[in-house]
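One structure is given below, encoded as structure tokens.
The values are calculated or read from the model by the stated rules, or taken from the named source; none is laboratory data. If you're wondering where the values come from, they're calculated on a predicted model, not measured in any experiment. Cβ placement follows ideal geometry from the backbone for every residue including glycine, while neighbour counts extend to all protein chains displayed.
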Amino acid sequence: MPEAKDFVLNPNKTLTYRICAAIVSGLAKVLFRPSVEGAENIPLSGPVLIAPIHRSNVDFAFSLFISPRKVFFMAKEGVFQVPVLGWLLTRLGAFPVTRDTADRESLRLSEEVLRRGQALVLFPEGTRREGPTVEPLHDGAMFIAARTGAMVVPVGVGGSERAMPVGAKLPRFAKVHIVVGRPISPPTSEGRVSRSAIAAKTEELRRELEDVYAQSRRRPT
């Protein structure tokens, strides 16, 4: 299984990356007929943290075509153990994170991606959730944004819970609509950013994420 230490930050869209991204995005377009609203809200340059809602294991696939930028991923450790999928994710710029622990290596890599002006996909809910409500988020996304100066972009993904429900082994045909919200500025301070400032920005992200998720779910199927 690939480990975080094996990750190589290559900002270029290599031939392997292009092929893998074409396979994943092509399958997603056939299976889910995705439509995108607000793609222009993702900055075309500079550090940006893309923060999607997380209701399905296929959510990562939709980040590949909502922006022309190459994106990097922080993905749960277990998916790298799945044959073919682990290899594919590694080629797409993903690195593993051990959930429910202080994974310093994945945090370091996340910050390195952003400090080099790249785009990083991070699910701010921390794990896959159910239902229309966005519950209080982990502070991780805004903590990283504060340390790197990255803008944070909330993304609602409506319909992915039907595309691959909890417990499903394979994806199903389902219409998916994606709504990209406006970028949120990172927490700032003249000195060290306080926990209260990070918490306030995290709550702002939660509200915006709930809003774009509601918009994405209202789209006719």
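Counting only strands (runs of 3 or more DSSP E) wholly contained in the stretch 13-92, the ones carrying 1 or more residues that are closer than 22 Å to GLY140 by Cα, touching a residue at least 60 places away in the same chain (Cβ under 8 Å) and of a type in the set (A, V, I, L, M) occupy 48-52. In this structure, PRO83 does not qualify as modelled with pLDDT under 80 and either buried (at least 22 other Cβ atoms within 10 Å of the Cβ) or basic (Lys, Arg) (or both). Comparison of ALA214, ALA197, ALA146 shows that the only residue that is surrounded by fewer than 18 Cβ atoms within 10 Å (Cβ to Cβ), out of contact with any strand residue (DSSP E or B) (no Cβ under 8 Å at 6 or more places or on another chain) and more than 14 Å from ASP59 (Cα to Cα) is ALA197. Yes or no: the stretch 177-188 includes at least one residue that is surrounded by fewer than 21 Cβ atoms within 10 Å (Cβ to Cβ) and modelled with pLDDT under 90. Checking the stretch 177-188: at least one residue is surrounded by fewer than 21 Cβ atoms within 10 Å (Cβ to Cβ) and modelled with pLDDT under 90.
Considering the stretch 91-141, and only residues there that are among the basic types (Lys, Arg) and touching a Lys or Arg at 6+ places or on another chain (Cβ under 8 Å), the residue that is modelled with the highest pLDDT turns out to be ARG129.
When the stretch 55-80 is filtered for residues that are farther than 18 Å from ARG129 by Cα and among the charged types (D, E, K, R), the ones remaining, listed by number, are ARG69, LYS70.
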